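The values are calculated or read from the model by the stated rules, or taken from the named source; none is laboratory data. Everything numeric here is computed off the predicted structure, so don't read it as measured data. No Cβ is skipped: glycine too gets one built from the backbone with ideal geometry, and neighbour counts run over all protein chains shown.
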Amino acid sequence: MITTISGFDRIGEENAFAVLARAQALAAQGRSVINLGIGQPDFATPDHIVEAAIKALKDGHHGYTDARGIPPVREAVARYTHARTGVEVSPDNVLVVPGGKVTMFAAILMMGEPGAEILYPDPGFPIYRSMIEFTGATPVPVPMTEANGFAFRAEDVLARITDKTRLLIVNSPANPTGGVTPRAEIDALAQGLERHPHVAILSDEIYERMTYAADGPADTHISLLTYPALRDRLILLNGWSKTWAMTGWRMGWAIWPDALIDKARKLAVNAWSCVNAPSQWAGIAALDGPQDAVDTMMAAFAKRRRLTVDGLNRLPGVTCIEPEGAFYAFANITGTGRKAKPLASDLLEETGVALIGGPDFGTFGEGYIRVSYAASEAQIEEALQRMEAFLTR
Ligand code: PLP
């Protein structure tokens, strides 16, 4: 009998993909399906970015590249990061990867082993815990609570740090909750972490461009990169998927500290060699080119957010706090008397509305459903009507 390492008995997955597959199967049977499940913008990648990839192919960029990414894409990342944060970053610390997810894979693989502890948000992106388990490290959930706006609380994190803690994963704006951690808490966290120099930090800032005020988009993200005391142990995760509607291009970047960048590069050489060359040229066009498509998308998301949150709050047994970032609403469904996963499943099978049960993001997700509002206003309205009919019958 063949055997694999025990990590594969523990590795998890992302149920959003299973829900997507089921939604597509139902649609293929002719059912009317509204997908508020998967976390991807429903916009097309802006034309000038697509054109840059086509040009790159025609210009003969067909080969392997530097494993870290071609110099111009790493320079563009450094320029963009400086423009966004005011922080000088060397292109030598940038690693371009096939999707933002690859950075969490690399960071957790680098830090996790039996005996090590890794702190991660719960509810949170499911791959954090899955990869921690895979490595045999001990997953230490940091609860993200509705009462606290689904934001990180410095004291909750700091109280869980031990001398075995090797990595802390932070995510703001957050998936699945839309929670944004306010400056005061980030300040307190950064200050507290100065007392724990053995803890590396993975800051997942993939939704960095997606923050909102009451009446529209608000570009208010605070990057952990702006805390100089953390720089030598901060791994910053970002990427093209969400901001420029490029999920299928598989393009992400990370800024690694000096002590880790070469290890990350070696992992790239061993696993994927490099990101496909034309996508890297498209990535430059995204970072350096006009940003009006991003602004248009964010204006649309802000309107849909209003529609979604107000609509969810009108449903019987459902309440939803105002998510300050990303494109997710995390609605409290305890008043329906139903468990979240069976509710999500029944909604899909009976009404064709796909969304994700909170427990798919961790044990603290029970009692909630994640609604991705990366869908048209008409679709959101129709989905809310179907949910209302289902919940009132
Ligand atoms: N980090 C978070 C919090 C996400 O929600 C996602 C995607 O949903 C990713 C990272 C990964 O993005 P990518 O598609 O670029 O791998």
Restricting attention to the range 239-253, and to residues there that are in contact with a Ser or Thr (Cβ under 8 Å, 6 or more places away or on another chain) and assigned to a helix (DSSP H, G or I), which single residue is farthest from A374 (Cα to Cα)?
W249
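Every residue, every condition in (1) free of Cβ contacts under 8 Å to residues at least 60 places away in the same chain; (2) of a type in the set (G, A, S), yes or no:
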residue	(1), (2)
E51	no, no
K55	no, no
D59	yes, no
A67	no, yes
I70	no, no
V87	no, no
N93	no, no
Taking helices (runs of 4 or more DSSP H) that fall entirely within the range 30-145, which contain at least 3 residues that are crowded, with 21+ Cβ neighbours inside 10 Å and of a type in the set (V, I, T)?
71-85, 100-111
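Residues checked against (1) at positive phi; (2) among the β-branched types (V, I, T); (3) crowded, with 24+ Cβ neighbours inside 10 Å:
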{"residue": "L343", "(1), (2), (3)": "no, no, no"}
{"residue": "D346", "(1), (2), (3)": "no, no, no"}
{"residue": "E350", "(1), (2), (3)": "no, no, no"}
{"residue": "P359", "(1), (2), (3)": "no, no, no"}
{"residue": "F364", "(1), (2), (3)": "no, no, no"}
{"residue": "Y368", "(1), (2), (3)": "no, no, yes"}
{"residue": "V371", "(1), (2), (3)": "no, yes, yes"}
{"residue": "S376", "(1), (2), (3)": "no, no, no"}
{"residue": "Q379", "(1), (2), (3)": "no, no, no"}
Which of the residues that make up the range 99-114 are away from the ligand (no atom under 16 Å from the Cβ) and of a type in the set (G, A, S)?
G112
Working only within the range 324-362, note down all residues that are without any contact (Cβ under 8 Å) to a residue 60 or more places away in the chain, among the hydrophobic types (A, V, I, L, M, F, W, C) and more than 24 Å from T211 (Cα to Cα).
I333, A340, L343, L347
Those residues that are out of contact with any Asp or Glu (no Cβ under 7 Å at 6 or more places or on another chain) and more than 15 Å from the ligand (Cβ to nearest atom), I need them from the range 115-148; list them, please.
G115, A116, E117, I118, L119, E133, F134, T145, E146, A147, N148
Quick one: which residue in R306, R250 is more than 15 Å from G100 (Cα to Cα) and either free of Cβ contacts under 8 Å to residues at least 40 places away in the same chain or not aliphatic (A, V, I, L, M) (or both)?
R306
Pair list, Cβ under 6 Å, 6 or more apart: the range 116-138 residue over 19 Å from A174 (Cα atoms) and free of Cβ contacts under 8 Å to residues at least 40 places away in the same chain, other residue among the β-branched types (V, I, T) and away from the ligand (no atom under 11 Å from the Cβ)
A137/I118
Residues that are within 16 Å of the ligand (Cβ to nearest atom), among the basic types (K, R) and under 30 Å from A137 (Cβ atoms): does the range 51-74 have at least one?
no
Filter the range 13-29 for residues that are exposed (fewer than 15 other Cβ atoms within 10 Å of the Cβ) and away from the ligand (no atom under 14 Å from the Cβ); the one that is nearest to the chain's Cα centre (by Cα) is A18
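Each row is one residue, and each column tells you yes or no for (1) over 23 Å from D187 (Cβ atoms); (2) touching a Gly at 6+ places or on another chain (Cβ under 8 Å); (3) modelled with pLDDT of 95 or more.
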| site | (1), (2), (3) |
| --- | --- |
| Y120 | no, no, yes |
| I132 | yes, yes, yes |
| G136 | yes, yes, yes |
| M144 | no, yes, yes |
| R153 | no, no, yes |
Return the residue satisfying two criteria in turn: it lies in the range 178-216 and is within 13 Å of the ligand (Cβ to nearest atom) and in a strand (DSSP E or B), and of such residues it is surrounded by the most Cβ atoms within 10 Å (Cβ to Cβ).
D204
When the range 284-302 is checked residue by residue, the ones that are more than 17 Å from E51 (Cα to Cα) and surrounded by fewer than 16 Cβ atoms within 10 Å (Cβ to Cβ) are D295, T296, A299
